[in-house]
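The values are calculated or read from the model by the stated rules, or taken from the named source; none is laboratory data. Since this is a predicted model, take the numbers as computed values, not measurements. No Cβ is skipped: glycine too gets one built from the backbone with ideal geometry, and neighbour counts run over all protein chains shown. Keep in mind that these areas ignore ligands, DNA and RNA; they rest on the heavy atoms of the full protein, side chains included. Shrake-Rupley method; radii C 1.70, N 1.55, O 1.52, S 1.80 Å.
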Number of protein chains: 4
Amino acid sequence: MNTRRLQARFYKIRSNKVFEFFVVSIIIFSALMIGVKTYQLPDYVNQTMRILDFGITLFFLIEISVRFLGEKKKSQFFKSGWNIFDTLIVVLSLVPIENSELAIVGRLIRVFRVLRMVSMIPELRLLLNSLLKALPQLAYVMLLMFIIFYIYAAIGSSVFAGINEVLWGNISISMLTLFRVMTFEDWTDVMYETMAVYPLSWIYYLTFIFLTTFAFLNMIIGIVVNVLEEERQNLRQETKNAQAKKEVSMEDLQLQIQELKHLLEKR
Amino acid sequence: MNTRRLQARFYKIRSNKVFEFFVVSIIIFSALMIGVKTYQLPDYVNQTMRILDFGITLFFLIEISVRFLGEKKKSQFFKSGWNIFDTLIVVLSLVPIENSELAIVGRLIRVFRVLRMVSMIPELRLLLNSLLKALPQLAYVMLLMFIIFYIYAAIGSSVFAGINEVLWGNISISMLTLFRVMTFEDWTDVMYETMAVYPLSWIYYLTFIFLTTFAFLNMIIGIVVNVLEEERQNLRQETKNAQAKKEVSMEDLQLQIQELKHLLEKR
Amino acid sequence: MNTRRLQARFYKIRSNKVFEFFVVSIIIFSALMIGVKTYQLPDYVNQTMRILDFGITLFFLIEISVRFLGEKKKSQFFKSGWNIFDTLIVVLSLVPIENSELAIVGRLIRVFRVLRMVSMIPELRLLLNSLLKALPQLAYVMLLMFIIFYIYAAIGSSVFAGINEVLWGNISISMLTLFRVMTFEDWTDVMYETMAVYPLSWIYYLTFIFLTTFAFLNMIIGIVVNVLEEERQNLRQETKNAQAKKEVSMEDLQLQIQELKHLLEKR
Amino acid sequence: MNTRRLQARFYKIRSNKVFEFFVVSIIIFSALMIGVKTYQLPDYVNQTMRILDFGITLFFLIEISVRFLGEKKKSQFFKSGWNIFDTLIVVLSLVPIENSELAIVGRLIRVFRVLRMVSMIPELRLLLNSLLKALPQLAYVMLLMFIIFYIYAAIGSSVFAGINEVLWGNISISMLTLFRVMTFEDWTDVMYETMAVYPLSWIYYLTFIFLTTFAFLNMIIGIVVNVLEEERQNLRQETKNAQAKKEVSMEDLQLQIQELKHLLEKR
């Protein structure tokens, strides 16, 4: 009985607008601290920061506990990816890291606290979800693009490895070089170098650029069309329903007229 | 009574097509003068320019006064953002700036006179309004992108600061560097430098490029879909109205047929 | 009478598929010749080329004459922009240019012969027309972009002229520099240079990039939406017509039922 | 009789899911081997690779044979472009190439085996088909763009050849340079060089960039609109069919009412 009352109280805290606003403020403050730490700072500020950081970690720990205790079914809590993510970030922040080698790891974990902002603001969560939902649609275009990259990289590292070991040394480096070519970043320097040995190698670059640009365009168009298609499907369904309703009333009319005819003929 | 007649007269001037055309001409002339001033000019031209500039400032002052006096309700005048902007530009141009330190400020104020063109041509005003109206839709995507930038910049300045102080010195510089990477401007130079120390740092750049490109694409597609969605909503409403009308006439028909039946059955 | 028969004969030639194909072949051949001439060639080839060029000019003259004489109403001929363009190119090719200074002009005129391809192939003509038709829609966005460029260029040449005369010397050079920034071409070099003097000048570049990218995006979206809008208007018109037709038959029905009622009531 | 039973058995193998999965696995393994080969490897690994490669070639030969023998009508087999492609790749892999000069050719053929992935996975085949189907729509835009490139390249190599032989030496090199300008790759370097001689040559570059960007945009928009147009055509057809059906039932109604009238009038 006591537990349930406690749960209800925590649930109330957790749903409180002021509490939520306070949590977001702390997240923003913790994000600012991460930014400030990248500047050269006097020693006493660093000391203060360490204390503040400890305070924030503590606050997040309490907040997560409130959330967890406020949950009606405890097992439900870890079914949400965001809850797992939040817990992980908080727990990992608790690990003390004095060692200088792990200091960077500790810093990075604190950086990911900023992502908690996404988990707190529903609009951002929605946006991220819709972004993630669009990804699988692209899976096959991605695969096709990877195949194009792989083939061109295999050709590139077979033929151009002798010209420039740094750019075409093996298939992974070649793929990175090709990605660079795709972003048009100093791609002519890469091309002119190989054209000095193989004058026709511009064909290699131009076909690659055409293929990837075309596939990329198709991907974008694909997303747009998909979104519109979905929309249209809804519209069509609505129209069909309206149609069906109208047809019913039409049949109704015909039935009634037939009845009329029968009435007239009977007499 | 006298004031009202004056107001009416000024209103007439203000709505006059010739007057409007004249104002736009003066704005264009003032814009040209700003351009000419950036060239090296002989002294006597500079002198003439100063006089012309004074003339333009005076003209704008008169024009704004005419507009203000032509307004029926004076309090209404400053409710339009464009009027406030126009008045501000004119008033600030009046401040005499002989001091060489403030000369640049004076010049910049004159530059913004060109923006008065937007306030004068209705089509441009409409365009700018529609641009500004599209901005809030993007607010959350912008926020998400800022979070992505912030996290990557925090990681970048934590890990790469030792490699290149100029590019990764603190979080602000890192964000600028990341913006550069997003525009593909010599981004491989930035990457190769850090790859020399951390060979796997290409993951950092590639994931960043993928995330921002993907978010950017989604933003564009979002706008397009929003615009179309609005359009479609209108279409749907029209269809619904037409449907409703049709259903009414259908019901009418059925009622009439029922009456017929009653007539027949009665006899 | 004789003239008319001649006109009819020329009209027949002009509409002949074989003749058209032959003209296109000559245009392609002339285009290839222009390309070949840019290579280093032995003297006798150059001589042959000069003769061939003369032959082509002659052929084009005859072709235009046939077209002109085949026209029923001579005054109609010069109402088509393409005919004027074709005639101009042919007539200008006739001017003998031995003078080395004008040789380049002569060459350029020959280059524009390639454009005759567009005037010959209906699909290309259609495409170009649709491209040109889309331009006026963009007029105001272009104007707005020009204003943005002008204001930023005026600011740039006022503030940065002392830093780099080559990039910010006057307003025209500044606009070219800004166009370069818009294409992201080594824009960070430009920025880092001014940031050394004005550390906050990144605001200038970033706002400029945001404004132009946003205006550019809006332009594209504007075109897409315009095209779709037109399409939709057609669809709506069709639907309305169908609706009107249906309403008429509905009214018809009601009238007939009313007649029925009258018939029944009369008896 | 025996042949047919054999064919049926092979057909069964070929349609077997396990078999298909196995083939895809071998293709992926062969792709990985191609990638591994681009690294510096110890001798014994290279030896193993050669044996494995022989095994893969053999496997592909068997697989193609099974496919061929499983086909009901042998003549049908080579009507599919994918089958021809698969057979070609396998047959060419069989040619022994010890000669170091042809070794690269042999490698490249093995690289194209990766493309067999596309022929095996239906989704990728569909995607590639839809990409290829979109190409002819672009044929005329491509032609128009080629004409623009050709004209600008002809002008460029006529006027700028003296300035930089490497960039503007002849029409082919000029076209490559213009493609570079189109991708904004260090295009200002190219421009500044010619502007030193012809200060107005920026017009050449800017008009080129505007034309190609505009044509490119139009191309993209063209594809989007085409896809949507097709969709809409379907929708319209559906609507028309529904309309026609409704009109029929409407006519039916009117006929029945007329019959009623006749019945009433007769009496």
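Please specify each residue of region C:194-207 satisfying the condition of being closer than 19 Å to C:Gly169 by Cα and out of contact with any Ser or Thr (no Cβ under 9 Å at 6 or more places or on another chain).
Once the filter is applied, which keeps residues that are closer than 19 Å to C:Gly169 by Cα and out of contact with any Ser or Thr (no Cβ under 9 Å at 6 or more places or on another chain), region C:194-207 yields C:Ala196, C:Val197, C:Tyr198.
Can you confirm whether region C:183-190 contains a residue that is among the β-branched types (Val, Ile, Thr), under 26 Å from the mean Cα position of the chain (by Cα) and modelled with pLDDT of 90 or more?
Yes: region C:183-190 contains one or more residues that are among the β-branched types (Val, Ile, Thr), under 26 Å from the mean Cα position of the chain (by Cα) and modelled with pLDDT of 90 or more.
Looking at (1) surrounded by 13 or more Cβ atoms within 10 Å (Cβ to Cβ); (2) among the polar types (S, T, N, Q); (3) more than 30 Å from the chain's Cα centre (by Cα); (4) within 30 Å of C:Asn170 (Cα to Cα), can you tell me which one B:Thr57 breaks?
Of the numbered conditions (1) surrounded by 13 or more Cβ atoms within 10 Å (Cβ to Cβ); (2) among the polar types (S, T, N, Q); (3) more than 30 Å from the chain's Cα centre (by Cα); (4) within 30 Å of C:Asn170 (Cα to Cα), the odd one out for B:Thr57 is (3).
Going by the conditions given, is D:Gln237 within 51 Å of the chain's Cα centre (by Cα) and modelled with pLDDT of 75 or more?
Judged against the criteria, D:Gln237 is a match.
So B:Tyr140 ticks every box in (1) open to solvent by less than 30 Å² (accessible area, probe 1.4 Å); (2) of a type in the set (Ser, Thr, Tyr); (3) within 26 Å of the chain's Cα centre (by Cα) but one. Which box is left unticked?
(1)
Is it fair to say B:Ile34 is open to solvent by less than 40 Å² (accessible area, probe 1.4 Å), closer than 27 Å to C:Ser158 by Cβ, touching a Ser or Thr at 6+ places or on another chain (Cβ under 7 Å) and not charged (D, E, K, R)?
It is false that B:Ile34 is open to solvent by less than 40 Å² (accessible area, probe 1.4 Å), closer than 27 Å to C:Ser158 by Cβ, touching a Ser or Thr at 6+ places or on another chain (Cβ under 7 Å) and not charged (D, E, K, R).
Here is a list of conditions, (1) touching a helix residue (DSSP H, G or I) at 6+ places or on another chain (Cβ under 7 Å); (2) surrounded by fewer than 13 Cβ atoms within 10 Å (Cβ to Cβ), and B:Phe19 meets all of them except one; can you say which number that is?
Here B:Phe19 meets the rest and fails (2).
Looking at A:Gln7, A:Gln40, which one is more than 14 Å from A:Met120 (Cα to Cα) and either in contact with a strand residue (DSSP E or B) (Cβ under 6 Å, 6 or more places away or on another chain) or open to solvent by 90 Å² or more (accessible area, probe 1.4 Å) (or both)?
The unique qualifying residue is A:Gln40.
Mind telling me which of the residues D:Val111, D:Val181, D:Val159 ends up being under 26 Å from D:Ile28 (Cα atoms), touching a residue at least 24 places away in the same chain (Cβ under 8 Å) and touching a helix residue (DSSP H, G or I) at 6+ places or on another chain (Cβ under 8 Å)?
One residue alone meets the criteria, D:Val111.
I need a count of the residues in region B:41-97 that are of a type in the set (Asp, Glu) and under 20 Å from B:Ser15 (Cβ atoms).
Residues in region B:41-97 being of a type in the set (Asp, Glu) and under 20 Å from B:Ser15 (Cβ atoms): 3 in total.
Being open to solvent by 20 Å² or more (accessible area, probe 1.4 Å) and under 28 Å from C:Leu127 (Cα atoms) is the requirement here; does D:Ile220 meet it? First the steps, then the outcome.
On the way: open to solvent by 20 Å² or more (accessible area, probe 1.4 Å): yes; under 28 Å from C:Leu127 (Cα atoms): yes.
Yes.
Can you name the condition, by its number, that D:Gly106 falls short on among (1) over 23 Å from the mean Cα position of the chain (by Cα); (2) more than 14 Å from chain A (Cβ to nearest Cβ); (3) surrounded by 14 or more Cβ atoms within 10 Å (Cβ to Cβ); (4) closer than 24 Å to A:Ser158 by Cβ?
Condition (2) is where D:Gly106 drops out.
Which of the residues that make up region B:43-54 are over 23 Å from B:Leu92 (Cβ atoms) and open to solvent by less than 40 Å² (accessible area, probe 1.4 Å)?
Correct list: B:Val45 only.
Looking only at region D:64-83, decide whether some residue is free of Cβ contacts under 8 Å to residues at least 60 places away in the same chain, within 30 Å of A:Gly162 (Cβ to Cβ) and part of a helix (DSSP H, G or I).
The answer is no; no qualifying residue exists.
Which residues, counting only those in region D:109-122, are within 18 Å of A:Leu211 (Cα to Cα) and either more than 13 Å from chain A (Cβ to nearest Cβ) or open to solvent by 20 Å² or more (accessible area, probe 1.4 Å) (or both)?
Residues satisfying the conditions are D:Phe112, D:Leu115, D:Met117.
If the Cβ limit is 6 Å and pairs must be 6+ apart or interchain, which residue in region C:250-267 that is under 13 Å from D:Ile257 (Cα atoms) pairs with which residue that is β-branched (Val, Ile, Thr)?
Hits for this filter: C:Gln256/D:Ile257.
Tally time: how many residues in region B:90-103 are in a helix (DSSP H, G or I) and either away from every other protein chain (no Cβ under 12 Å) or open to solvent by 70 Å² or more (accessible area, probe 1.4 Å) (or both)?
Count: 8.
Among (1) modelled with pLDDT under 90; (2) open to solvent by less than 50 Å² (accessible area, probe 1.4 Å); (3) in contact with a helix residue (DSSP H, G or I) (Cβ under 7 Å, 6 or more places away or on another chain); (4) within 11 Å of chain A (Cβ to nearest Cβ), which single condition is B:Leu131 missing?
It is condition (4) that B:Leu131 fails.
Conditions (1) more than 9 Å from chain C (Cβ to nearest Cβ); (2) under 24 Å from A:Val181 (Cα atoms), marked per residue:
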residue	(1), (2)
D:Leu143	no, no
D:Ala154	no, no
D:Val159	no, no
D:Ser172	no, yes
D:Val181	yes, yes
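Can you tell which of B:Thr177, B:Thr212, B:Thr194, B:Thr207 is modelled with pLDDT of 75 or more, more than 8 Å from every other protein chain (Cβ to nearest Cβ), under 30 Å from C:Trp187 (Cβ atoms) and exposed (fewer than 13 other Cβ atoms within 10 Å of the Cβ)? So that I can check it myself, show each step before the final result.
Details: B:Thr177 fails: exposed (fewer than 13 other Cβ atoms within 10 Å of the Cβ); B:Thr212 fails: exposed (fewer than 13 other Cβ atoms within 10 Å of the Cβ); B:Thr194 fails: exposed (fewer than 13 other Cβ atoms within 10 Å of the Cβ).
Answer to the check: B:Thr207.
May I ask you to verify whether D:Ser80 is of a type in the set (Ser, Thr, Tyr), crowded, with 16+ Cβ neighbours inside 10 Å and modelled with pLDDT under 85?
Here the answer is no, as D:Ser80 does not meet what is asked.
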